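K.L.:
One structure, pasted below without further comment.
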């Protein structure tokens with residue numbers, strides 16, 4: 001029998017999922033059959049619907065406009081005892097190139113519409129990054145005031161682009177489905193990358209939540225457990241990904257190596273399979289924190305380890321996270 005969102009809330013546990021993007025060269029049906037056969041710990045799928053990500057596993061336009069196609073697509077998932085934990089539309093709707101911004105905005109809004117039609121209450125997205133000044137053709141990440149020409153860029157970005165855009169999207173999501181959360185990943189290179197920047201944007205609407213990816217915090221020197229405790233119920237989704245550091249490379253080039261992600265062997269850090277950076281005890285504490293403080297329903301394995309195949313990495317990460325979820329116990333009642 002298929003596991004629905006209502007069933008999960010009744011069961012009161014965090015489920016293990018997978019971001020299917022690393023497996024898009026294979027049909028979704030093939031991926032699901034492999035998961036059921038080889039990685040039974042995974043019950044939830046996070047499927048790409050647009051933005052920068054591949055959409056091989058979801059023909060969003062067809063599903064939006066054809067109820068029968070939508071029903072058949074969803075049946076292929078639920079008949080295998082799987083469910084959709086989230087739709088993923090990572091992109092940059094604030095891009096100074098109007099064509100990119102328009103496409104990514106359309107993808108985001110259509111993803112919200114599709115989620116509402118499917119009964120999916122989590123959409124994973126990025127907050128985006130606008131120009132640094134009028135007339136710029138590329139996004140400008142205002143990550144700090146290290147030099148005079150970098151100072152206060154974020155203020156203009158907020159007033160001219162970020163606040164108007166995300167206020168409108170938050171209202172749109174609320175109208176489409178009052179239970180849906182747009183889970184913005186705290187991600188360097190966008191206008192939301194830590195607690196302070198998230199809290200500012202989250203103040204624009206209750207539909208805005210956080211997607212926590214511990215790996216980004218590891219290399220920024222942040223504590224994922226402290227982030228979860230600080231954001232509490234505004235955390236709505238989680239990615240499972242680790243980081244491995246190279247002490248020798250780190251010593252001479254630091255964390256801000258401009259060449260990432262290639263060549264991997266020369267990098268000061270790389271994304272890694274869950275458990276290959278932090279040990280299983282750390283991950284157990286992290287999942288327990290999610291269960292205690294957040295509204296996370298799914299931890300989706302996001303495989304980006306350049307040294308490990310997706311099939312090997314996903315299975316290994318799922319085992320670590322499943323054990324951690326079992327030790328964490330049931331989710332407490334949270335508003």
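K.L.:
What residue, of 136, 177, is out of contact with any strand residue (DSSP E or B) (no Cβ under 9 Å at 6 or more places or on another chain) and either crowded, with 21+ Cβ neighbours inside 10 Å or over 24 Å from residue 294 (Cβ atoms) (or both)?
P.N.:
On the way: 177 fails: either crowded, with 21+ Cβ neighbours inside 10 Å or over 24 Å from residue 294 (Cβ atoms) (or both).
After applying the criteria, what remains is 136.
K.L.:
Sort through 269, 219, 260 and tell me the only one that's in contact with a helix residue (DSSP H, G or I) (Cβ under 8 Å, 6 or more places away or on another chain) and under 19 Å from residue 188 (Cβ atoms). Can you show your working first?
P.N.:
Details: 219 fails: in contact with a helix residue (DSSP H, G or I) (Cβ under 8 Å, 6 or more places away or on another chain); 260 fails: in contact with a helix residue (DSSP H, G or I) (Cβ under 8 Å, 6 or more places away or on another chain).
When all the criteria are applied, what remains is 269.
K.L.:
I'd like the residue in region 202-214 that is buried (at least 22 other Cβ atoms within 10 Å of the Cβ) and free of Cβ contacts under 8 Å to residues at least 60 places away in the same chain and, out of all such residues, is farthest from the chain's Cα centre (by Cα).
P.N.:
Among them, the one singled out is 207.
K.L.:
Starting from residues that are more than 18 Å from residue 288 (Cα to Cα) and touching a strand residue (DSSP E or B) at 6+ places or on another chain (Cβ under 8 Å), keep the ones in region 219-244 and report whichever is surrounded by the fewest Cβ atoms within 10 Å (Cβ to Cβ).
P.N.:
Once the filter is applied, the top-ranked residue is 244.
K.L.:
Now for a separate question. Do any helices (runs of 4 or more DSSP H) entirely within region 156-241 hold 3 or more residues that are within 27 Å of residue 134 (Cβ to Cβ), and if so, which? Write out each step before concluding.
P.N.:
Details: elements: 163-176, 195-202, 214-220, 224-231.
Fully inside region 156-241 and qualifying: 163-176, 195-202.
K.L.:
Here is a follow-up. If residue 153 satisfies all but one of (1) within 27 Å of residue 225 (Cα to Cα); (2) modelled with pLDDT under 95, what's the number of the condition it fails?
P.N.:
(1)
K.L.:
Same structure again: Look through region 105-133, keep the residues that are farther than 17 Å from residue 208 by Cα and not in a helix (DSSP H, G or I), and return whichever of them is farthest from the chain's Cα centre (by Cα).
P.N.:
Per the criteria, the residue is 133.
K.L.:
Is it true that residue 143 is in contact (Cβ under 8 Å) with a residue 40 or more places away in the chain and at positive phi?
P.N.:
Answer is no for this residue.
K.L.:
Looking at 26, 70, 37, which is the one that is out of contact with any strand residue (DSSP E or B) (no Cβ under 9 Å at 6 or more places or on another chain) and either outside any helix (DSSP H, G or I) or modelled with pLDDT under 95 (or both)? So that I can check it myself, show each step before the final result.
P.N.:
Details: 70 fails: either outside any helix (DSSP H, G or I) or modelled with pLDDT under 95 (or both); 37 fails: either outside any helix (DSSP H, G or I) or modelled with pLDDT under 95 (or both).
Only one candidate passes the filter, namely 26.
Listed here are the residues, each with its yes/no results for (1) surrounded by fewer than 15 Cβ atoms within 10 Å (Cβ to Cβ); (2) under 21 Å from residue 230 (Cα atoms); (3) over 19 Å from the mean Cα position of the chain (by Cα).
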| residue | (1), (2), (3) |
| --- | --- |
| 296 | no, yes, no |
| 302 | no, no, no |
| 312 | yes, no, yes |
| 321 | no, no, no |
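K.L.:
Here is a further query. I'd like to know if region 142-150 contains one or more residues that are closer than 27 Å to residue 18 by Cβ and either part of a helix (DSSP H, G or I) or at pLDDT below 95 (or both).
P.N.:
Keep residues of region 142-150 that are closer than 27 Å to residue 18 by Cβ, which gives none.
No, that holds for no residue.
K.L.:
May I pose another question? Only one of 316, 312, 304 is in a helix (DSSP H, G or I) and in contact (Cβ under 8 Å) with a residue 40 or more places away in the chain; which? Working first, answer last.
P.N.:
Details: 312 fails: in contact (Cβ under 8 Å) with a residue 40 or more places away in the chain; 304 fails: in a helix (DSSP H, G or I).
Exactly one of 316, 312, 304 is in a helix (DSSP H, G or I) and in contact (Cβ under 8 Å) with a residue 40 or more places away in the chain, namely 316.
K.L.:
Identify the residue in region 88-100 that is touching a residue at least 12 places away in the same chain (Cβ under 8 Å) and out of contact with any helix residue (DSSP H, G or I) (no Cβ under 7 Å at 6 or more places or on another chain) and, among all such residues, is surrounded by the fewest Cβ atoms within 10 Å (Cβ to Cβ). It would help to see each step written out before you state the result.
P.N.:
Taking region 88-100 first, the residues touching a residue at least 12 places away in the same chain (Cβ under 8 Å) are 88-97.
Keeping just the survivors that are out of contact with any helix residue (DSSP H, G or I) (no Cβ under 7 Å at 6 or more places or on another chain) gives 88, 90, 96-97.
Values: 88: 32, 90: 24, 96: 20, 97: 14.
Out of the qualifying residues, it is 97.
K.L.:
Check whether at least one residue in region 78-87 is in a helix (DSSP H, G or I), surrounded by fewer than 20 Cβ atoms within 10 Å (Cβ to Cβ) and either in contact with a helix residue (DSSP H, G or I) (Cβ under 6 Å, 6 or more places away or on another chain) or at pLDDT 95 or above (or both), and report yes or no. Talk me through it step by step, then tell me what you get.
P.N.:
Narrowing region 78-87 to residues in a helix (DSSP H, G or I): 78.
From the residues that got through so far, the ones that are surrounded by fewer than 20 Cβ atoms within 10 Å (Cβ to Cβ) too are 78.
Going one step further and asking which of them are either in contact with a helix residue (DSSP H, G or I) (Cβ under 6 Å, 6 or more places away or on another chain) or at pLDDT 95 or above (or both), we end up with 78.
The answer is yes, given that some residue of region 78-87 is in a helix (DSSP H, G or I), surrounded by fewer than 20 Cβ atoms within 10 Å (Cβ to Cβ) and either in contact with a helix residue (DSSP H, G or I) (Cβ under 6 Å, 6 or more places away or on another chain) or at pLDDT 95 or above (or both).
The values are calculated or read from the model by the stated rules, or taken from the named source; none is laboratory data. None of the values given here were measured: they were computed from a predicted structure. Because the Cβ atoms are built from the backbone with ideal geometry, glycine has one as well, and the counts that use them run over all protein chains shown.
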